[in-house]
Amino acid sequence: MVWRQLTRGLRGLLQRRAADQDAADEVADYLEQAAAAHRARGLSPAEAVRAARLEVGNVTGVREQMREAGWESVIDACVADLRYAVRRLRAAPGFTAVAVLTLALAIGATTAIFSAVNPILFEPLPYPHAGRILVIDDYGSGGAPMDVTFGTYRELAQRTRSFDTLAVLKPWQPTITGTAEPERLSGQQVSAGYFRALGIQPAIGRDFDQAEDRPGGAKTVIVSDALFRRRLGADSAVIGRTVTFDGTLCTVIGVMPRGFENVLGPSAEVWTLLQYDPSLPSFDGREWGHHLRLVARLRASVSVDAARRELATIAHAPAAGFARPPWASLSNGLQLTRLQDRVTQGVRAALLSVLSAVLLLLCIACGNVTNLLLARGAEREGEFAIRAALGAARPRLMRQLLTESLVLALGAGIGGVAVAAFGVRGLVALAPADLPRVGAIGLDTPAYLFAFAVTTLIGLAVGLVPALHASRGDLQAGLQQASRRSAGHHRTRRTLVVLEVSLALVLLVGAGLLVHSLARVLALPAGFDPSQVLTMQVQVAGPRFNADSATHRYYAQALEAARQVPGVIDAAFTSQLPLSGEMLDAYGSALETSGGDAQHGDPAIRYAVTGDYFPALRIPLRHGRILDRRDVAGASRAAVISESYARRAFGGADPLGRRLHFGSDTSWLTIVGVVGDVKQSSLFAGTEDALYIAAPQWVWADHARWLVVRGQGAVAALVPALKRAIWSIDKDQPIVRVGTMRAWVAESTAVRRFTMIVFEAFALVALVLAATGIYGILAGGVTERRREIGVRAALGASRTEILSLVVRQGMGLTGFGMLIGLVAAGLASRALVSLLFGVSSLDPLTYMGMTALLGGVALVACGVPAWRAAQIDPAQTLRTE
């Protein structure tokens, strides 16, 4: 039975004439059988045929009923509605173009934002059972999380039972050399279990071996698929061969899968083993520096809360055989965070705010198009009345209007996908450098499904209100007025305009708060003068730099060469650069007590600098002296500390002449000066303690240093000459990350700047849509009230009074919408608190400014229809009546 209905329906759809002939044959066959039955009861042939026809009734109606009884009739009706909708929309090209363009922009913007937010916040990380990958941090005395020491990692690896694998890692920037030109790479030094913690194995070759992860172990590397193809010829025979990294021969043991995402180091292309000493020989070694990130894979049978409790127990219960120095005592506990939360914590608030903003914009666009459909529906009331009089049921009218809105939405959806493609490119271009998973942003299957779902919902949403109005209207009155415009729908249209204005004000206030906040951030004193300062990172590698004396000699010669470049005022080297985004090198400090012992304190950021560093960045001297050319290797070891360090460690006492230990260096440093505080990690972060020591007097020589140059004129023009000067010392050493200090300052605010730009764009579009909505309802009102306005003018109303009448109507709607919008903005702006700096979420200046802006634009939108109303000729109007 089902098969017969299916085949019959398909025949009706694909072979319409044959299906009609079948229906006619069935009716004719039934008539013959009915006539035969009547003849058998004694009727004459003519009377039998007549009786059969009376029994069947209208033959054409029976055929129609037969067609409507099948499932294909529903498709026929939908196709008919679709054709009619297309014809109606083609008949109004202006209306169709405006509606489709409005919705396309909204759908495209929403899809583009979803394409960025979904892979970063909502999709799990691209690892097996990604929810079980966690990050473990130590706690500083101030309550802020910080990287762990290798000693902490070794203790946890042996004492915990909650994890399958633990691993630590740190950045690595090796230089690969060989037949091609040397290339500085981004990589990571990791413990042997790193890839097992992520749940990923090399596609070619093998993983690291725990037995190799020790001092003196085999030098092995695993490379990314991109590096494998770019530098190693994509030849699988490279496994087992040696490649030179930093002048050391390393054996390639594996190649990671194509598409592997390393969220803990997105730019990393090569991995090697840490090879720290697991015996932890003393507190003076690198094993006790807070510079390692610790990741762990949770056992399937253990909950996160259980693991957190176990870590708390271990932290507060030191065990014999696991020594802890004061700066890694774990007395403040350990923090356990899901890897996805850690990766996204810096951008989560910004992305959710942007997503909320684009959804508001989508609502405004829907309101605008709904208003257009209502206005068009008012013009078509006569048509609906005639169709109803001819037998069209109210559900059929509603279905027809919903079909039209769905066709509009479909066209907008197609255009929206094109807009989204451009939008995604723009988002990637605007994205801050630390935005995670940028490579995953794109129009993929979830994005297309999202666009389809949004398109369908919009089609139903914008068509539902006009359809309900059409079905509830007085069709008899519509038939009487025929083609005359109706004054109905005004309440709904005004409500929509009020909502558009209120939502637009929410977006404007959000954008205003972000602009105000960014201005406050950029006005913050960074502690140095970034103008006219050029920076570049100079790195050395290779066996000949194994001796610290060779490294110091190279940098001294490179610095002297840089100082000779015309246009250079001051030049200096530093081990790390403020606001550069690199992992800050922090160590515990210990002050000398009156008895000559060491009293351990909190960590401070370590800068190994040359003498001109402070003049080059214009860091002010507060007390004592700065480091200079007298602070060389072999001389009395000197240190300069920041103001915040001096306040915390010495209170109001004079720190000059006091001595301290720093990091693993057990020899005393004498404080010779105090300089102003410098923003280290970001402009809006709190002040961090800093200690400066002359580079030749530090316990080891940094192989990567920043050249800081203060120059004259356009400092970017000094780049070629500076590179030539440095390469004149050694042409094989790479120079990377060239930029101005102003660029680093701007980069530190990239997330806030990104959010602000997107909010500004959405707010501008919302402002235009709100103004369009106000203009549309007033323009329609003027047209519908043309006779009334003409009569008013005829009775003596001046043009000023007519202008005031229309403007009052529009500004009344605007004022009501702004009142609602102010309340909504006050509530919604709480979501922006984490992105604001120095500005309250209820900042009155911002609220007043955005309200005035919206009011001014609304006044302009009211002015055009009001001017048209004032130009109405009363005599001509009355004659037409």
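Can you grab the distance from the C-alpha centre of segment 851-873 to the C-alpha centre of segment 695-724, Å, no decimals?
One Cα centre to the other: 60 Å.
With labels modelled as points extended 7 Å from the Cα through the Cβ direction, what inter-label distance (nm, one decimal) is found for Val768 paired with Ala180?
Placing both labels 7 Å along Cα→Cβ, they lie 4.5 nm apart.
For segment 84-133 and segment 531-553, what is the separation of their Cα centres, given in Å?
Cα centroid of segment 84-133 versus Cα centroid of segment 531-553: 50 Å apart.
Order these peptides, 189-199, 722-732, 806-816, by their mean beta-carbon neighbour count within 10 angstrom, highest first. Provide the component values of the computation, followed by the final result.
On the way: 189-199: 22.3, 722-732: 16.3, 806-816: 19.2.
Highest to lowest by the protection proxy: 189-199, 806-816, 722-732.
Which FRET efficiency value, to the nearest 0.05, do you get for Phe650 and Arg286 by plugging their Cβ-Cβ distance into 1/(1 + (r/R0)^6) with R0 = 35 Å? Don't jump to the answer; show the numbers that get you there.
Numbers: r = 29 Å, r/R0 = 0.83.
The calculated FRET efficiency here is 0.75.
Compute the distance in nm between two label points, each set 7 Å from the Cα along the Cα-to-Cβ direction, one at Leu457 and one at Ala91.
3.3 nm
Ignoring ligands, DNA and RNA, what percent of the accessible area of segment 152-257 is carbon or sulfur (1.4 Å)? Let's see the in-between values first.
Values: 2040 of 4240 Å².
That fraction is 48 percent.
Quick check: net charge around Ala211, other residues with Cβ under 15 Å of its Cβ, Lys/Arg +1 and Asp/Glu -1? It would help to have the intermediate numbers written out before the result.
Values: positive: Arg196, Arg206, Arg214, Lys219; negative: Asp207, Asp209, Glu212, Asp213, Asp277.
Summing Lys and Arg as +1 and Asp and Glu as -1 gives -1.
Applying the Karplus parametrisation 6.51 cos²θ - 1.76 cosθ + 1.60 with θ = phi - 60° to the phi angles of segment 332-342, what ³J(HN,Hα) value in whole Hz is obtained for each residue in order, glycine and proline being reported as x?
8, x, 10, 9, 10, 9, 5, 4, 4, 5, 5
Highest mean first, how do 694-704, 123-133 rank when packing is the count of other Cβ atoms within 10 Å averaged over residues?
Numbers: 694-704: 20.0, 123-133: 16.6.
Highest to lowest by the protection proxy: 694-704, 123-133.
Once the principal axes of the Cα atoms of segment 121-262 are found, what is the range along each, listed largest first in whole angstroms?
Each principal axis gives a Cα extent; for segment 121-262 these are 50, 36, 29 Å.
Taking 0.36 nm per residue of separation and subtracting the Cα-Cα distance, what length does fully extending Glu32 through Leu845 add? Write out the running numbers ahead of the final one.
Details: separation 813, 0.36 × 813 = 292.68 nm, distance 8.84 nm.
So the chain would gain 283.8 nm between Glu32 and Leu845.
Apply the Karplus curve 6.51 cos²θ - 1.76 cosθ + 1.60, θ = phi - 60°, to the phi angles in segment 763-779 and return the couplings in whole Hz, x for Gly and Pro.
My calculation for segment 763-779 gives 5, 5, 5, 4, 4, 5, 5, 5, 5, 4, x, 5, 4, x, 6, 6, 4 Hz in order.
With a cut-off of 8 Å between alpha carbons and a minimum separation of six or more residues, what is the relative contact order of segment 640-755 in percent?
Details: 89 pairs, mean separation 28.0, N = 116.
In percent, rounded to a whole number, it is 24.
As an exercise, identify the chymotrypsin sites (Phe, Trp or Tyr not before Pro) in segment 203-284 lying in DSSP coil whose Cβ has no more than 10 other Cβ atoms within 10 Å. All intermediate terms of the calculation are to be shown ahead of the outcome.
Details: sites: Phe208, Phe228, Phe245, Phe260, Trp271, Tyr276, Phe283; in loops: Phe208, Phe260, Tyr276, Phe283.
The qualifying sites: there are none.
If the cut-off is a Cα-Cα distance under 23 Å, which lysines reach Lys219, setting aside same-chain residues fewer than 8 apart in sequence?
Lys170
Using only C-alpha positions, report the orientation-averaged shadow area of the convex hull of segment 101-145, nm², one decimal.
Values: hull surface 21.8 nm².
Averaged projected hull area, Cα only: 5.5 nm².
Can you give the net charge of the other residues whose Cβ lies under 12 Å from the Cβ of Leu198, counting K and R as +1 and D and E as -1?
0
If I take R0 = 41 Å and measure r between the Cβ atoms of Phe122 and Leu853 in this structure, what FRET efficiency does the formula 1/(1 + (r/R0)^6) give, to the nearest 0.05?
Working: r = 34 Å, r/R0 = 0.83.
Given R0 = 41 Å and the Cβ-Cβ separation, E is 0.75.
Taking amide H positions as placed 1.01 Å from N in the peptide plane, with prolines and chain starts having none, which residues 5 or more places from Arg324, or on another chain, fall under 5 Å of its amide H?
none
At a Cα cut-off below 24 Å, give the lysines reachable from Lys731, other chains included and same-chain residues fewer than 8 away excluded.
Within the straight-line cut-off, Lys731 pairs with Lys723.
With label points built 7 Å along Cα→Cβ from the Cα atoms of Ala300 and Ala144, find their separation and express it in nm.
4.1 nm
In whole percent, and with a 1.4 Å probe on the protein chains, what portion of the accessible area of segment 684-783 is carbon and sulfur?
On the way: 2310 of 3670 Å².
Solvent-exposed carbon and sulfur of segment 684-783 make up 63 percent of the total.
Report the net charge of residues surrounding Thr610, where surrounding means a beta-carbon distance below 11 angstrom and charges are Lys +1, Arg +1, Asp -1, Glu -1. Don't jump to the answer; show the numbers that get you there.
Working: positive: Arg563, Arg629, Arg705; negative: Glu560, Asp570, Asp612, Asp628, Asp631.
Taking every other residue near Thr610 into account, the sum is -2.
The values are calculated or read from the model by the stated rules, or taken from the named source; none is laboratory data. As the structure is a prediction and not an experimental result, all values here were calculated from the model. Note that we place each Cβ from the backbone using ideal geometry, even for glycine, and neighbour counts take in every protein chain shown. Each accessible area value is taken on the protein alone, full model and side chains, heavy atoms only, with ligands, DNA and RNA left out. Shrake-Rupley method; radii C 1.70, N 1.55, O 1.52, S 1.80 Å.
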